[in-house]
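Have a look at the structure below, then the notes.
Read-outs: derived from the displayed coordinates by stated rules, not from any lab. Everything quoted here is computed from the prediction, not taken from an experiment. Glycine also receives a Cβ, built like all others from the backbone with ideal geometry; neighbour counts cover every protein chain displayed.
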Amino acid sequence: MAPDRSIPVTRSHERVIQMALAELAANDEALGCSRLAAAISAAGFPISEPTAGRLLRDLDRQGLVERVRGKNGRVITAKGREMLAALEADRQNQEQNAEFLRAITARSIQDVIDLLHIRRAVEAEIARMAALRATEDDLHDIELATETYVQVMRQGANGREEHRAVHRAIANAAKSRTSAAVVELILRDPQLYETMRRIQDSVGLVAPEDHRRVAAAIRARRPAEAAEAMHAHLARMVAVAERFARTKASGGAAR
């Protein structure tokens, strides 16, 4: 359950909502604005009783808390517990994202570089075979996946699944079970994609339009050109990763 954006969405307000729901979840008895204000204030977000009261009413309108008959206060609902879980997961993701680049070790960067070298050799050959063997349906799939990926990336989205779809479509067009299995294995690890994406964001993004050149060469039935386009695309990714590794080793900031 994603956080309900009809509630004010500043990060500090989301944090207050999370703390309020957590406090309610930790108590079996109904809580009023006085105890809730004290608990949130003690956690480092000072709020007044009237503000806590408005917060409880907001949460009530969302169905996240409810009144208890005969009690002066509210308890968390099942929907509120779902919201709390979503907010906690969202906060954890924010913290992980903020630390992700600093947490990448030299070994993990080298792992990315090594894998990109392998991909450069393997996927260039796959692109060559795709140019020789692709059916019209395969070509349609490659072009559709490529355009979808380009548009998604231009919108600033993650693009992981769309990226996988492009490379999977090319591997399928190569008509080689071994090639398809290798590509699937390489692209399976989501952390590896996230690592490379963040490295690109830090040092310089490799344009998703690279894939258009590969797709066009496959469509034109030019195997050598298709292989070269894929090789060049992955060579640029290698260069980006190696630049990031050098910058990190020197303790400088990527520019």
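What to note about this one:
- Relative contact order of the chain, defined on C-alpha pairs under 8 angstrom at six or more residues apart (%): 19
- Hz values of 3J(HN,Hα) by residue in the stretch 151-157 - Karplus curve (6.51, -1.76, 1.60), Gly and Pro given as x: 5, 4, 5, 5, 7, x, 7
- Residue (of Ala229, Thr247, Ile218) at the positive-pole extreme of the chain, dipole from beta-carbon charges: Thr247
- Linear extension gain, Ala235 paired with Glu82, 0.36 nm per residue minus alpha-carbon span: 50.6 nm
- If the segment from Asn72 to Asp28 were pulled out straight at 0.36 nm per residue, it would be longer than the present Cα-Cα gap by 14.5 nm.
- Counting only Cβ charges, +1 for Lys and Arg and -1 for Asp and Glu, the dipole size of the chain around its Cα centre is about 340 debye.
- Sequence-distant lysines (8 or more away, or on other chains) whose Cα lies within less than 23 Å of Lys71: Lys79
- Under a 5 Å amide H cut-off, with hydrogens placed 1.01 Å from N, Val65 pairs with Asp60, Thr77 among residues at least 5 apart or on other chains.
- Potential extension, Arg198-Ala42 segment - 0.36 nm per residue separation minus Cα distance: 52.5 nm
- With a Förster radius of 35 Å applied to the beta-carbon distance between Asp137 and Thr178, the computed FRET efficiency rounds to 0.95.
- For Gly159, the amide hydrogen comes within under 5 Å of no other amide hydrogen, counting only partners 5 or more places away or on other chains and with H modelled in the peptide plane.
- Our coupling estimate for the stretch 166-183, obtained by passing each phi through the Karplus curve with A = 6.51, B = -1.76, C = 1.60 and θ = phi - 60°, is 5, 5, 5, 5, 5, 4, 5, 5, 6, 6, 9, 4, 5, 4, 4, 5, 5, 4 Hz, Gly and Pro reported as x.
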